Amino acid sequence: MNANRDTNFGALIARQREYFESGATRPLSFRMEALRRLQKALLENEELINRAMKADLNKTPFETYMTETGMVLGEIGFHLKHLRRWARTKTVRTPLTQFHAKSFIVPEPRGVVLIMSPWNYPLQLCLVPLVGAISAGCCAVVKPSAYAPAVSEAVAKILGDGFPPEYIAVVEGGREQNSALLEEVFDYIFFTGSVEVGRTVMEAAAKHLTPVTLELGGKSPAIVDETADLKLAARRIAFGKVLNAGQTCVEPDYLLIHESVKERFLEEYKNALREFFPGGYMSDMPTIISEKHFRRLIRLLQDGKAVIGGGFDESRRFIEPTVLTDVTPDSPIMQEEIFGPILPLLPYTSLDDCIRFIRSRPKPLALYLFTKSKAAEKKILDTCSFGGGCINDTIIHLANPLMGFGGVGHSGMGSYHGKLSFDTFTHYRSIVRKSTWIDLPVRYHPYTEKKLKMLRRLLK
């Protein structure tokens, strides 16, 4: 294993920079082999991962594979299939003004990168960015979250057994290690986490003019209008709230629902939960990550009337899937990202009111609209800014490697998944190879009227 809990990382990063500058990570064959090695390590350590997920979040093997291991394996497979094409030098057209020359774009790895991951999807959100860094030809320092200690330890073992620390290193620990890492100079920082910590990361990166990707969060709305298929809407919103006990950056944070369908929706939501958990047996639902987060959610339960759920079990940090009514826009639960299985419900009578409400708040990471109306769909997409989302579903937009995943404004900057993961850790160099057999004099002094007329003709 190559994990460490030191706070002096200068020597580690110097070793990585020396290894990167040796050119070892640049050959396509090296990158492909590294991806296959990671793929093999995940498959061989699946039981270890399952045990760690159970210990930290009470995740079942099914949910672990669906939301963690399977997504990383899918990303690796996509990169193995397409990396050869992505890494090629691309020839582009050269303007006549640069006659005679050839122009081309060369993908170049950014260098030594830092990947800081959160606790809610502690494997997926750690390793999917790493797949992009490996594909691009970078060296990486990976910092898992201390809130998920069992998964952090598993990640350290998997990566430590598979890769030398001068190539990929794992740093375990908490805030002290995070702060120390941010004092170092990296060529790129990829951070997933809260808006508050994202600001700290960006401030630290600015000292060294280090580019960043910030995958943050925010309050992602779900809208159910009067035309929606209520049974389907209830099942799919409940899925988004129950998945990982709502501890998902793109979970439907609150529900804006047309007044005329509110009561019918609540009945369908109850039915969906009965189907999900026959007999009310919820022991295989994930639990809240820590006592601190659990206490915060218990406080938020007091911000409305629980018309569904509302129960909790302190002994295992479990909260029932809950729907709250009598919530106001000024309630504490509407001022912060919930990150739990609690759904505040706010009725509306006009879609324009929904739009004004959403636009009055920071731009969310996701938005979900349930409707059969093409006009309503167009209106929302034309007026609301958000990272990504779904029409008549939740969550699933992030599982398509052909689409980028990322936020906008307060919900983040930059995107990844699929080729965009490769792009994130790649600098595209623009190169012109100029011929030496001709040298057009128009660009050189003296700048005469005749040359100006010639230049105008060339630039038309």
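Quick note: the coordinates plus some simple rules give every number you see, no bench work behind them. Everything numeric in this text was worked out from a predicted model, so none of it was measured. In this analysis, Cβ positions are derived from the backbone assuming ideal geometry, glycine residues included, and neighbour counts consider all displayed protein chains.
Counting just the residues of the range 300-354 that are touching a Cys at 6+ places or on another chain (Cβ under 9 Å) and in a loop (DSSP other than H, G, I, E, B), which one comes out nearest to ALA55 (Cα to Cα)?
Among those that are touching a Cys at 6+ places or on another chain (Cβ under 9 Å) and in a loop (DSSP other than H, G, I, E, B), it is PHE339.
Where residues in the range 267-295 are among the charged types (D, E, K, R) and in contact (Cβ under 8 Å) with a residue 12 or more places away in the chain, which of them is surrounded by the most Cβ atoms within 10 Å (Cβ to Cβ)?
Taking the candidates together, the pick is GLU268.
In this structure, does THR91 turn out to be surrounded by 14 or more Cβ atoms within 10 Å (Cβ to Cβ), touching a residue at least 12 places away in the same chain (Cβ under 8 Å) and of a type in the set (Ser, Thr, Tyr)?
Spelling it out, it is not the case that THR91 is surrounded by 14 or more Cβ atoms within 10 Å (Cβ to Cβ), touching a residue at least 12 places away in the same chain (Cβ under 8 Å) and of a type in the set (Ser, Thr, Tyr).
Could we say that ALA238 is touching a Pro at 6+ places or on another chain (Cβ under 8 Å), of a type in the set (A, V, I, L, M) and crowded, with 20+ Cβ neighbours inside 10 Å here?
yes
Can you tell me which of SER331, SER350, SER360, SER385 is small (Gly, Ala, Ser), in contact (Cβ under 8 Å) with a residue 12 or more places away in the chain and surrounded by fewer than 15 Cβ atoms within 10 Å (Cβ to Cβ)?
Unique residue meeting the criteria: SER385.
Quick grid of which residues meet (1) under 29 Å from THR64 (Cα atoms); (2) within 24 Å of the chain's Cα centre (by Cα); (3) of a type in the set (A, V, I, L, M, F, W, C):
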residue	(1), (2), (3)
ASP225	no, no, no
ALA238	yes, yes, yes
LYS241	yes, yes, no
GLN247	yes, yes, no
PRO252	yes, yes, no
LEU256	no, no, yes
SER260	no, no, no
PHE265	no, no, yes
ASN271	yes, no, no
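Among ARG85, ARG31, ARG37, ARG51, which is the only one that is buried (at least 20 other Cβ atoms within 10 Å of the Cβ) and among the charged types (D, E, K, R)?
It is ARG31.
Kindly provide the set of residues from the range 184-232 that are assigned to a loop (DSSP other than H, G, I, E, B), buried (at least 23 other Cβ atoms within 10 Å of the Cβ) and of a type in the set (Ser, Thr, Tyr), ordered by number.
Correct list: SER220 only.
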